[in-house]
Structure formats: structure tokens, C-alpha cells
Amino acid sequence: MGTKVLNVRNTQTKQSLINAFLQLVSEKDFEKIRIADISQRAHVNRATFYAHFNDKYELLDYMIGDSASAAIVEFTSGTVTFDQDSIFQLVLGACYFYQQPKMKCRSSYIGLVVPQLKEKMINELKIYLMKSLESMQTETERNFYVPIFANIINEGALQWASGKVTMNQEEIARRVSLLVIGGYQLSEERIV
């Protein structure tokens, strides 16, 4: 069988497992979902599940990480730059990412997922920001700025997603992008 056919089959099987998992978390507590439940719902055997994931936690981790990365790529059109428009798009991408889990979920699932969502988004933001600042800063400077910027962008999106602010996504993105770029430029001027 050709490599392309195997890749398509693997992708389809993974998606079936993800869909089965999403259906199950709307019906029962995360802790009570068994690999057998996921496999049966996806119409695959348990060995097939284990060929893709070690356990349900790895499946959850894969789902979250993949969607965080996809949100950033989609909103930045795959372009990696450090400017106000890029930061604006990163905030919108993070907002989009946080509104995605709007599915019928049991509370045990939400409690498990929220910390992972935040961790995955911050990690993806750090990857993007490290690349975008590569030609502008030394590694030491990037190691200082990137975690700060990633957390500011993430917090802006979380404030919007949680409903703690009445501003719309675009206003949040505008303010956060001004804060990040303006703060960065001001700090660079003070250093010189």
C-alpha cells in the first residue's frame, strides 16, 4: 500500500478517535471514559487506538496542541513577523482557540482542559514569537521578552473568552497589540 494511502488512513483514524472522544465527553465524566469506549465509538479496535495514542490523556493533549497551532497559523496566514498587525492577529487567533471548546462537556472535562488550553496556547505563542524576533534580538533578549509577550497575548484572549470584559475581540486585539509593540519599542529606547 502506498505511503499516501497510509497517511490518509492514519489521519482518518485519528479523526475518528477524536470525534468519538468528543461525543463521549458530552455524555460522561472524563475519568469514566475508557479506551474501549473510545475505540468502540470510533469503530476501531483497542490496538488501533494504542497505535495512535498511549492513553486518553495523550489524545486530549494532541487535540489541544493541534488546535492551538492551527489557530495561530490560520490567523497569521503562516507569516512570521513581529509587528502590530501580527500581534493583533495572534490575539484574534487565541480568542478563536478559546471559543472552540464550546461543546456539551461534563464539568470534569472542563476542569481538566482549561489549564491545558492555556499551556498549549502559551507554548504555541512562544514558538511564533521566538521565530518572529529571531533577526531582531539576541537569544538572551528573546528569552526575556517572549514569555512576557506570550502571557500578555494569552491573558487578553482569556479575558475576552471568560466574559470578564465587555470589549469585542477586535478591541481586545487592538489594545493588546498596542501594549506589546508600544511597550517593546519603549523598552528598547530606554536601553539605548
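In this structure, the pairs whose alpha-carbon distance is over 23 Å, taken from K14/K56; K28/K56; K56/K118; K56/K131; K120/K164; K32/K126, are K56/K131; K32/K126.
Potential lengthening of the chain between N123 and S162 amounts to 12.0 nm, from the contour at 0.36 nm per residue minus the alpha-carbon distance. Net length available on complete extension from E58 to Q116 is 19.7 nm, with 0.36 nm assigned per residue and the Cα-Cα distance removed. A Förster radius of 22 Å combined with the Cβ-Cβ distance from N19 to S77 puts the calculated FRET efficiency at roughly 0.20. Using the beta-carbon distance between S26 and E189 and R0 = 41 Å, what value does 1/(1 + (r/R0)^6) give for FRET efficiency, to the nearest 0.05? It comes out at approximately 0.20. Ordering A51, N151, G163 by the projection of their Cα atoms onto the charge dipole of the chain, which places +1 on the Cβ of Lys and Arg and -1 on the Cβ of Asp and Glu, puts A51 at the extreme positive end. Comparing Cα centroids, the stretch 153-179 and the stretch 9-66 end up 33 angstrom apart. Largest GNM mean-square fluctuation across V80, V91, V146, computed for the chain with C-alpha springs under 10 Å, falls on V80.
Rule-based calculations on the coordinates, nothing more; no lab input. Fair warning: this is a prediction, and the values are worked out from it, not measured in the lab. All Cβ positions, glycine included, derive from the backbone under ideal geometry; neighbour counts span all protein chains shown.
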